[in-house]
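No value in this document is a laboratory result; all are computed from the given coordinates. From a predicted model like this one, the values you see are computed outputs, not experimental measurements. All Cβ positions, glycine included, derive from the backbone under ideal geometry; neighbour counts span all protein chains shown.
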Amino acid sequence: MLRRLQIESYGLIARADVEFAPGITVFSGETGSGKTMLVGALGFALGGRAGSDVIAKEARRAVVTLTFDPDDALLERLRVDGYELDAGETAAIVREITDAGRSAARLNGRPATAAYLRDVGDSIAEIIGQHEAHRLLAPAYHRELLDRFAGEPALATRARLTAAHARVKSAAQALDELTENERRARER
């Protein structure tokens with residue numbers, strides 16, 4: 001779960017500190033109120049691309065810090081990948097870009113690549129823009145959300161059921177073929 005987004009010198013935002021409540025977060029407001037900048041900064045923290053043009057005028061660098069509570073699966077992945085946390089500790093991504101266009105990222109105080117942040121970013125937050133809202137209505141997306149909510153034990157059960165269903169389907173096809181072969185043999 002996202003905890004906090006801190007932004008410094010990113011676009012028109014000199015300084016911002018956003019704390020997230022559990023559940024879904026929606027940024028809404030008038031045109032020009034900064035929604036796109038907030039979402040852009042969040043995307044940047046999660047490994048998105050940005051050029052030095054996102055740095056506020058008069059600043060030499062932009063810094064975005066994202067703190068979050070990883071779920072168990074992500075916690076294990078971070079541990080395996082060398083970004084271990086103590087139990088109950090909040091994870092943090094700090095990403096900055098300089099006016100020279102150089103970008104640096106740290107995850108739990110250790111260097112991280114933007115590609116790695118993008119990869120784990122899918123487990124941290126999902127950003128749905130205004131032109132992607134139709135995705136919320138897709139049954140496949142509903143299943144994906146339910147699967148994520150259910151967690152690993154349910155996913156393992158689903159995998160076993162899918163495999164069992166495939167075996168039953170294969171056996172039914174084999175039975176149909178045998179039945180058809182037997183019918184043909186009787187007709188001869």
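The figures follow:
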{"item": "Gaussian network model of the chain, Cα within-10 Å springs - most flexible of 169, 35, 57", "result": "169"}
{"item": "Kirkwood Rh, Cα atoms: Rg over Rh of segment 2-133", "result": "0.96"}
{"item": "Dipole magnitude of segment 42-87, debye to nearest 20 (Cβ charges: Lys/Arg +1, Asp/Glu -1, about Cα centre)", "result": "460"}
{"item": "Kirkwood estimate for segment 119-160, i.e. one over the average of 1/r between Cα atoms, Å", "result": "11.8"}
{"item": "√(5λ) per eigenvalue of the Cα gyration tensor, segment 138-188, largest first, Å", "result": "40, 12, 4"}
{"item": "Cα centroid separation - segment 23-92 against segment 144-188, whole Å", "result": "43"}
{"item": "Relative contact order for segment 2-133, counting Cα pairs under 8 Å that sit 6 or more residues apart, in percent", "result": "26"}
{"item": "Where GluC sites (Glu not before Pro) fall in DSSP loop in segment 3-48, at most 16 other Cβ within 10 Å", "result": "30"}
{"item": "Selection from 139, 108, 165, by position along the positive dipole direction of segment 105-188 (Cβ)", "result": "165"}
{"item": "Helix-only CD estimate at 222 nm, as mean residue ellipticity for the chain, using -39500 (n - 2.57) per DSSP H run (n ≥ 4)", "result": "-14000 deg cm²/dmol"}
{"item": "Length added when fully stretched, residue 30-residue 180, from 0.36 nm per residue minus Cα-Cα", "result": "47.2 nm"}
